[in-house]
Amino acid sequence: DPALRVPATKVEGCASQVWLHPVIDGEGPTARLRFDGASDAMIVSGLIAVLRALYNGLTVDEVLKVDAAAELGRLGLNDHLSAQRSNGLRAMVERIRSVAAQTAAA
């Protein structure tokens, strides 16, 4: 939804335009996270889809336990992404983890 492409959902640190819109079902560490995302770059849209497969439906406590670097490394993404794309991917992971941490602490 273009209405969700606002500064509050924009991920800084990405070479492309990236927006992540988290939705939290519940409260505290057992709340479940899901998110939608969009990008102006096709490759980044694919990375968003990978992150959705990795994180959507987990509790926020589970999100914080995911070793994203290891999981993404298993896919061999590091061998195929530029430094800028890798930085953007890390920024997206950090945004997801930040939302999870804030929710878990509430």
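Which residue is most open to solvent (accessible area, probe 1.4 Å), if the candidates are limited to the stretch 16-40 and must be more than 20 Å from Leu72 (Cβ to Cβ) and among the charged types (D, E, K, R)?
My answer is Glu27.
Filter the stretch 1-27 down to the residues that are under 15 Å from the mean Cα position of the chain (by Cα) and either of a type in the set (Asp, Glu) or farther than 18 Å from Ala41 by Cα (or both) and list them by number.
Ala8, Glu12, Pro22, Val23, Ile24
Within the stretch 4-15, how many residues are open to solvent by less than 70 Å² (accessible area, probe 1.4 Å) and out of contact with any helix residue (DSSP H, G or I) (no Cβ under 8 Å at 6 or more places or on another chain)?
Summing the residues that are open to solvent by less than 70 Å² (accessible area, probe 1.4 Å) and out of contact with any helix residue (DSSP H, G or I) (no Cβ under 8 Å at 6 or more places or on another chain) in the stretch 4-15 gives 4.
The conditions are (1) touching a residue at least 40 places away in the same chain (Cβ under 8 Å); (2) open to solvent by less than 30 Å² (accessible area, probe 1.4 Å); (3) within 20 Å of Ser16 (Cα to Cα), and Ile43 fails exactly one of them. Which is it?
Result: Ile43 fails condition (2) only.
The values are calculated or read from the model by the stated rules, or taken from the named source; none is laboratory data. In this text the structure is predicted, and so the values were computed from the model without any measurement. Using ideal geometry, Cβ is built from the backbone for each residue, glycine included, and neighbour counts are taken over all protein chains shown. Calculation scope for accessible area: heavy atoms of the full protein, side chains included, ligands and nucleic acids excluded. Shrake-Rupley method; radii C 1.70, N 1.55, O 1.52, S 1.80 Å.
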